[in-house]
Amino acid sequence: MPPGAAPTPVRPAPTPQPLGAVARRRGPRTELLAPFVLVAPAVLIIVGLRLWPLVLGINFSFTGDGDRNGMPVGLDNYVTLLGDPLFRTALRNVGLLVLLLPVAVAIPGLLATFIYLRTPGHRVYRAVYFFPAVLSPVIVGAIFNLLLAYDGPFNEVLAVVGLGPVDWLGDPDVAIFAVAGVHVWATFGMALVVFLAGFANLDPSLLDAARVDGASLPQSIRHVIVPGLTRTIQFVFVTTMIGLLTSMFGLLFVMTGGGPEASTYLPEYYIWVQQGQFNQPALASAASTALFLIMLLVGLAQIGVLRRAGREG
Amino acid sequence: MAGRRWTRWVVAIPMAALALATVYPLVFTANVAMKTRREYVLDRFSLSDAPRWDNIASAWTSVGMSRYFLNSAVVVTCSVALLLLFGSMAGFALARLRFRGSSALYLGFLAALFIPFQVIMVPLTRVLAGTGLVDTYPGLVLAYVAQFLPFTVFLMTSYYSTVPAEVVDAARIDGNTAFGVYWRIMLPMGVPALISVGVLNALFCWNDVLIALLVMPSAEHRTLMVGVTSLRGQYSDDIPVFASGVLVAAVPVLVVYLFLQRQIADGVSAGATKG
């Protein structure tokens, strides 16, 4: 939105009013302090309940649990983490999710392209696709618990087509993909809306020119849309990854509880279990710190890769 | 030209199928909620011949959904009110007042945006426990405010940056203090952004389960989403009542979405285009 767009209210010429004079005389000190007073609540809350806990948590991850409560133990917690099969499963699952990431970004990207190109019904699709994104993971998980049950409706439909029943949430090789699929179902509308906002900044004459030159749809996507939306694509990659790493707790909690055979652990679920069930807060803090590092690495790596790809294009 | 129209329709069919796949799970759940247990076991897909509201009624009363619903409503209302107040105050100061360290402070808020809750959940619970705030409404409200404040400050700052500086200057010349400008000019001018950010925050808080589980452990303090998670164990053999509970929890969000779709989408995309 250009700053000049909003009309500037026309004010009468300033006349020295008693009220104004008082305000200005009371001025200097309170006026100098005003900005600080205005930001104070936000700063206090964020420092006290976000930054301070972050420092505490990192510090805490170098202390012990149980008998060694509060004692410095160096890197012991991190060694324990790396040896813990549960945490390893969690890391393996992070790897799987990273591999799924391009799909989770491409689907909303393509759909946004078609909506932008005014596929019949595009107005309705925008609203419909976004709708699961407003539902809580808990509700989504509960609904899919019903649908994906072994004797549930989804398998019933598959049976009609002649496909055998799949134990979506009970088979250790399948469950994590089922949960990730449900997550993508629930959140692709979010990325879609972000893509559409990116399209609003794309110069439509470029696409028209490509069409006049006889470019096919895939060619237009590759040479016009992708380079034109580099920033949006970067943003969606990073936010989708953050979503996969930090907003699947509700689904896991409701759909699998980490099972079957502990195959659907993710770092966030591991932290929750260590803190809540096993009462090992220091170990949980170490896992938190590890998750933070993973997110930093993934974020930086993605930005690096995409930036290089952007330059080549 | 004909070929182009043809491809358009080839795309339109999978898109329609996907739209159906997006809506159907909830329609299915709503239909199940209207069935008797017998009807559900016999045929999952058929429309229930007569809507049975008694499932809804029993989810509402005997499961305690009404209590959970009230808990959620109170916590979400207080959290959103505080978020909008603190967020708009800080946003105005960062966008339109010059003071020492303002840009460093803005970067600090941005950095706080990238600390996921999972990373601080153990120490945060300890900090809250240390101040006696665990298992209290103020504790949960504070946890939500802390969680969503960086995002709120960020969006309010970028919104207030689009308000022309002349507006602020004119109000100052009229004799307003900084607080007067905030209260009389910026707050009313910020309404469109406040609605958008407020609705998003309300959804975030209403839909959360992890923070609520940690900060409000006892049963009578459960929020609605925590209540839904406990439905599964209790009603695993009575699917229609289970579905009713899920439906009751989803309906407020659906109503909000129906009326405020634009504002929600605007809030989501504002985060992307301004970042």
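Derivation of every value follows stated rules applied to the coordinates shown; laboratory data play no part. Only a predicted model underlies this, so the values are computations on that prediction, with no experimental measurement involved. When we count neighbours, we look across all protein chains shown, and the Cβ atoms used for this are built from the backbone with ideal geometry, even at glycine.
Things to note:
- Oblate is the label for the range B:109-156, because the ratio a/c of its alpha-carbon gyration tensor axes (a ≥ b ≥ c) is 1.5 or higher and a/b is not greater than b/c.
- A Förster radius of 30 Å, combined with the Cβ-Cβ distance separating B:Phe114 from A:Glu261, puts the computed FRET efficiency at roughly 0.35.
- Charged side chains reduced to their Cβ positions (Lys and Arg at +1, Asp and Glu at -1) give chain A a dipole of some 1800 debye around its Cα centre.
- Overall, the protein assembly as shown carries a charge dipole of about 2120 debye about its Cα centre when +1 sits on the Cβ of Lys and Arg and -1 on the Cβ of Asp and Glu, all other atoms neutral.
- The residue among B:Val27, B:Tyr40, B:Ile13 whose Cα reaches farthest toward the positive pole of the charge dipole of the range B:2-54, with charges on the beta-carbon of Lys, Arg, Asp and Glu, is B:Ile13.
- FRET efficiency, 1/(1 + (r/R0)^6) with R0 25 Å, evaluated for A:Val160 and B:Val27 via beta carbons: 0.85
- A:Val98 versus B:Ala129: modelled label distance in nm, points set 7 Å from Cα along the beta carbon direction: 3.3
- Cα lying deepest toward the dipole's positive end in the range A:93-202, options A:Leu101, A:Phe195, A:Ala175, charges on Cβ: A:Phe195
- Amide H contacts under 5 Å for A:Gly64: A:Gly70, A:Met71, A:Val73, restricted to partners 5 or more places along the chain or on a different chain, H placed in the peptide plane at 1.01 Å from N.
- Average beta carbon contacts from partner chains per residue of A:56-62, 10 Å cutoff: 3
- Each Cα pair under 8 Å and six or more residues apart adds its separation to the average, and for chain A the resulting relative contact order is 26 percent.
- Residue among B:Leu110, B:Trp53, B:Ala143 farthest towards the positive dipole end of the range B:36-144, charges placed on Cβ: B:Leu110
- Once exposed loop trypsin sites (Lys or Arg not before Pro) are cut out (DSSP; at most 10 other Cβ, 10 Å), longest piece of chain B: B:101-275
- If you take all other residues with their beta carbon under 14 Å from the beta carbon of B:Val41, and give Lys and Arg +1 and Asp and Glu -1, the sum is -2.
- Here the residues A:Tyr270, B:Tyr159, ranked from fewest to most Cβ neighbours within 10 Å of their Cβ, fall in the order B:Tyr159, A:Tyr270.
- Cβ crowding within 10 Å, taken as a proxy for footprinting-reagent exposure, orders B:Tyr144, A:Tyr78 from fewest neighbours to most as A:Tyr78, B:Tyr144.
- Computed over chain B, the per-residue total of -39500 (n - 2.57) for DSSP H runs of n ≥ 4 gives a 222 nm mean residue ellipticity of -25500 deg cm²/dmol, rounded to 500.
- Dividing the summed helix terms, -39500 (n - 2.57) for each DSSP H run of n ≥ 4, by the number of residues in chain A produces a 222 nm estimate of -22000 deg cm²/dmol to the nearest 500.
- Dividing the alpha-carbon radius of gyration of the range B:2-54 by the rule-of-thumb value 2.2 N^0.38 Å gives 1.73.
- Ranked list, fewest to most other Cβ atoms within 10 Å of each Cβ, for A:His223, A:His122: A:His223, A:His122
- Approximate spin-label separation B:Leu107-B:Phe45, in nm, with each point projected 7 Å along Cα-to-Cβ: 5.9
- Net +/- balance of residues flanking A:Val174 in space, Cβ distance below 13 Å, scoring K and R +1, D and E -1: -4
- Here the dipole of the range B:2-54 is about 320 debye; that uses its Cα centre as origin and unit charges on the Cβ of Lys and Arg (positive) and Asp and Glu (negative).
- For residues of B:83-92, the mean tally of beta carbons on other chains within 10 Å: 4
- Whether chain B is rounded, prolate or oblate, judged on the alpha carbon gyration tensor where a/c under 1.5 counts as rounded: oblate
- Cα gyration tensor category, rounded, prolate or oblate, for the range A:208-248 with a/c compared to 1.5: prolate
- Take every pair of alpha-carbon atoms less than 8 Å apart whose residues are at least six positions apart; their mean separation over the length of the range A:37-94 yields a relative contact order of 17 percent.
- Charge sum, other residues only, whose C-beta stays under 11 Å from A:Ala90's C-beta, Lys/Arg counted +1 and Asp/Glu -1: 0
- When the Gaussian network model of chain A links Cα atoms closer than 10 Å, the mean-square fluctuations of A:Asp151, A:Asp76, A:Asp67 top out at A:Asp67.
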